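Comments concern the structure below.
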């Protein structure tokens, strides 16, 4: 047991709202915070940033899949293979092998 957990278990504190050391277990975000996080995490800027970190790309490099509807000509840019495969209703392996 860590000292931090010992103090959380044995002393009442008004500052720490979490019950477990090194964990967010039991913490619930407000509906307002959930909405803000959802908006941030679905923005293209956020997806590009995560994409660059995931694939160890440079600042100006982006790993994208561009899907074009051959009938309408409409393009959809997707930033991850998994999301593109889900959008096309195929497996990620099928998408990578094509």
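Figures for the structure shown
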quantity: Residue list for the range 63-83, filter: outside any strand (DSSP E or B) and out of contact with any helix residue (DSSP H, G or I) (no Cβ under 6 Å at 6 or more places or on another chain); calculated: 64, 69, 70, 71, 72, 73, 74, 80, 83
quantity: Scan of the range 9-56 for residues that are within 17 Å of residue 80 (Cα to Cα) and assigned to a loop (DSSP other than H, G, I, E, B), ordered by number; calculated: 42, 43, 55, 56
quantity: Hey, residue 64 more than 30 Å from residue 8 (Cα to Cα), in contact with a strand residue (DSSP E or B) (Cβ under 9 Å, 6 or more places away or on another chain) and surrounded by 11 or more Cβ atoms within 10 Å (Cβ to Cβ) or not; calculated: yes
quantity: The range 25-46, residues that are surrounded by 10 or more Cβ atoms within 10 Å (Cβ to Cβ) and under 20 Å from residue 9 (Cα atoms); calculated: 27
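Rundown of residues vs (1) at positive phi; (2) modelled with pLDDT of 85 or more; (3) in contact with a strand residue (DSSP E or B) (Cβ under 9 Å, 6 or more places away or on another chain), yes/no style:
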{"site": "3", "(1), (2), (3)": "no, no, no"}
{"site": "12", "(1), (2), (3)": "no, no, no"}
{"site": "15", "(1), (2), (3)": "no, no, no"}
{"site": "26", "(1), (2), (3)": "yes, no, no"}
{"site": "30", "(1), (2), (3)": "no, yes, no"}
{"site": "33", "(1), (2), (3)": "no, yes, no"}
{"site": "38", "(1), (2), (3)": "no, yes, no"}
{"site": "46", "(1), (2), (3)": "no, no, no"}
{"site": "51", "(1), (2), (3)": "no, no, no"}
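The values are calculated or read from the model by the stated rules, or taken from the named source; none is laboratory data. Note that the coordinates shown come from a computational prediction; the quantities given were computed from them, not determined experimentally. Cβ atoms come from the backbone with ideal geometry, glycine included; neighbour counts cover every protein chain shown.
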